[in-house]
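Below you'll find the structure, written out as structure tokens, and then a few comments.
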Amino acid sequence: MKYRFIVEPWLCTGCRTCELACAFSHARNLKPGRSRIYPLAHAKDKYVPVTCLQCDDPACVKSCFFNALRRNEETGAIELDLGRCVKCMACVAACPFGCALVDEVHDEIVKCDLCQGDPACAHFCPSKALRYTRLP
Amino acid sequence: MVTIHINGKAVQAEDGEMLLTTIRRQGIDIPALCHHDAVEPCGSCRLCMVEITKKEWNGWSRHVTSCLYPVEAELIIATHTPYLQELRQTIIELYMARSPHSEVIQKMAGEYGITQTRFQTVPDGDNCIMCYACTRICAELGCFAISAAERGHDKVISGPLREAPVDCVGCLSCAQICPTHFIEWTDDDTGRTIWERRFELLACKKCGKKTITKDFAEYQSRKRNLPMSYFDICDDCKRMELSKTMGRIVVSAEEATQ
């Protein structure tokens, strides 16, 4: 892992540009997908962008019986192989942070894959609350 | 890496992978019903047949199910010869006779320009095409709850002794993987019914949203050492909790710096 996705919630203004960037960068069949990142308000006008934490010991990978979830060693992201996914909802239920999501539009499970090492949300975040930086 | 020739084009393929994977990676559409990446291939639907030959075979060729044939160096593959198209049409016609009410089969028949089957239709034919995708995925899960029962015309997929499967955990993998959507289940306020068995659904302790079955959560917890507390609340509430926890940390950090 050479890069790290950094979330700085105190900079987040709740503008939801990241949601748009995520949904449109993962669009398929001319339909935007479900966003993998959400600014959620924990108090009035105080937002935390909630997204997959790419845990070191991930519960989603453990819960998947079909090896559909695997870590991409290059980006450090846990990626979902849609070809192997049978939508058993094991990862959705097991993730302790609720960051494996159900996309009703495309009828599939989605989770943050750090856009194969170039996260669209970090590109578009106007307040730089989301950053993708090279580790020293 | 080995080099194979698909429809006259030289293509690199990984060692040990099956022909179907290589062919589909090239964007060539080959129909298949029983194939799914998550399970072992079994070649029961016969729709993915391709023609293979080699230079040293002196013009002889074979027709093989591409999902079961591992790549070999210098294979020459044809995927859409007139003979193969006719073969696929015949197979689809057989499926139409067996499962006359299946929308998936009918759509496939439409794509191949078939309007009616030449074979005698099974009047009360169900949508099960005996592809064993459900039993294979159940085996992959480690449950082995369902299997084929009886023989010949009476063969059905069911639990042992045609009773409700005791080892089933109600995960719905079989219903989701079924290519013809034959396996039925119902979710209601009190639980889930599949394979004539009733399952208790876990409800979120905060908002009451139904998640997975209690049996499946216990199965995951037992097999993969996940604490049962992970299944207490639903994913929406978990994200809200994460936001609140992070927010609390941010607020306390801000207070500390002031």
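The values are calculated or read from the model by the stated rules, or taken from the named source; none is laboratory data. Quick caveat: nothing in here was measured; it's all calculated off a predicted structure. As a convention, Cβ positions derive from the backbone with ideal geometry for all residues, glycine included, and neighbour counts pool all protein chains shown.
A few remarks follow.
- Test: residue in region B:168-175 that is more than 23 Å from A:P58 (Cα to Cα), more than 12 Å from every other protein chain (Cβ to nearest Cβ) and touching a residue at least 12 places away in the same chain (Cβ under 8 Å): yes
- The conditions of being within 13 Å of the chain's Cα centre (by Cα) and either hydroxyl-bearing (S, T, Y) or surrounded by 17 or more Cβ atoms within 10 Å (Cβ to Cβ) (or both) are not met by A:C64.
- Across region A:1-37, the number of residues qualifying as outside any loop (DSSP other than H, G, I, E, B), within 11 Å of chain B (Cβ to nearest Cβ) and surrounded by fewer than 19 Cβ atoms within 10 Å (Cβ to Cβ) comes to 2.
- The set of residues from region A:100-130 being within 13 Å of chain B (Cβ to nearest Cβ) and surrounded by 17 or more Cβ atoms within 10 Å (Cβ to Cβ) comprises A:A100, A:L101, A:D103, A:I109, A:V110, A:K111, A:C112, A:A129.
- B:E184 surrounded by fewer than 12 Cβ atoms within 10 Å (Cβ to Cβ) and within 22 Å of A:C85 (Cβ to Cβ): yes
- Single match in B:Y69, B:Y132 (criterion: among the aromatic types (F, W, Y), modelled with pLDDT of 90 or more, surrounded by 16 or more Cβ atoms within 10 Å (Cβ to Cβ) and on the phi > 0 side of the Ramachandran plot): B:Y132
- Residues satisfying the stated conditions in region B:41-80, i.e. more than 23 Å from B:D29 (Cβ to Cβ) and touching an Asp or Glu at 6+ places or on another chain (Cβ under 8 Å): B:K54, B:K55
- Answer residue from region B:206-222, given it is assigned to a helix (DSSP H, G or I) and more than 8 Å from every other protein chain (Cβ to nearest Cβ) and is surrounded by the fewest Cβ atoms within 10 Å (Cβ to Cβ) among those: B:R222
Residue-by-condition table, conditions (1) without any contact (Cβ under 8 Å) to a residue 40 or more places away in the chain; (2) hydrophobic (A, V, I, L, M, F, W, C):
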position	(1), (2)
B:V11	yes, yes
B:G27	yes, no
B:H36	no, no
B:C42	no, yes
B:H63	yes, no
B:A78	no, yes
B:Q85	yes, no
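- Residue check, B:L141 surrounded by 14 or more Cβ atoms within 10 Å (Cβ to Cβ) and under 17 Å from the mean Cα position of the chain (by Cα): yes
- Taken over region B:223-236, the residue count meeting the criterion of being among the hydrophobic types (A, V, I, L, M, F, W, C) and more than 7 Å from every other protein chain (Cβ to nearest Cβ) is 3.
- Any chance B:D189 is closer than 20 Å to A:F65 by Cβ, among the charged types (D, E, K, R) and away from every other protein chain (no Cβ under 11 Å): no
- Flag for B:A175 being out of contact with any Leu (no Cβ under 6 Å at 6 or more places or on another chain), at pLDDT 90 or above and closer than 30 Å to B:R224 by Cα: yes
- Taking the criterion of being in a loop (DSSP other than H, G, I, E, B) and either without any contact (Cβ under 8 Å) to a residue 40 or more places away in the chain or surrounded by fewer than 12 Cβ atoms within 10 Å (Cβ to Cβ) (or both), the residues of region B:15-25 that qualify are B:D15, B:G16.
- For B:I249, the conditions (1) of a type outside the set (D, E); (2) within 18 Å of A:M89 (Cβ to Cβ); (3) free of Cβ contacts under 8 Å to residues at least 60 places away in the same chain; (4) within 11 Å of chain A (Cβ to nearest Cβ) all hold with the exception of (2).
- Test for A:A43: is it within 15 Å of the chain's Cα centre (by Cα) and either free of Cβ contacts under 8 Å to residues at least 24 places away in the same chain or within 10 Å of chain B (Cβ to nearest Cβ) (or both): no
- Qualifying residue in region B:146-156 (condition: touching a residue at least 12 places away in the same chain (Cβ under 8 Å) and part of a helix (DSSP H, G or I)): no
- Residue within region B:104-116 that is outside any loop (DSSP other than H, G, I, E, B), within 20 Å of A:V86 (Cβ to Cβ) and at pLDDT 90 or above present: yes
- If you filter region A:77-99 down to residues that are aliphatic (A, V, I, L, M) and out of contact with any Leu (no Cβ under 8 Å at 6 or more places or on another chain), you find that the one that is farthest from the other protein chains (Cβ to nearest Cβ) is A:L82.
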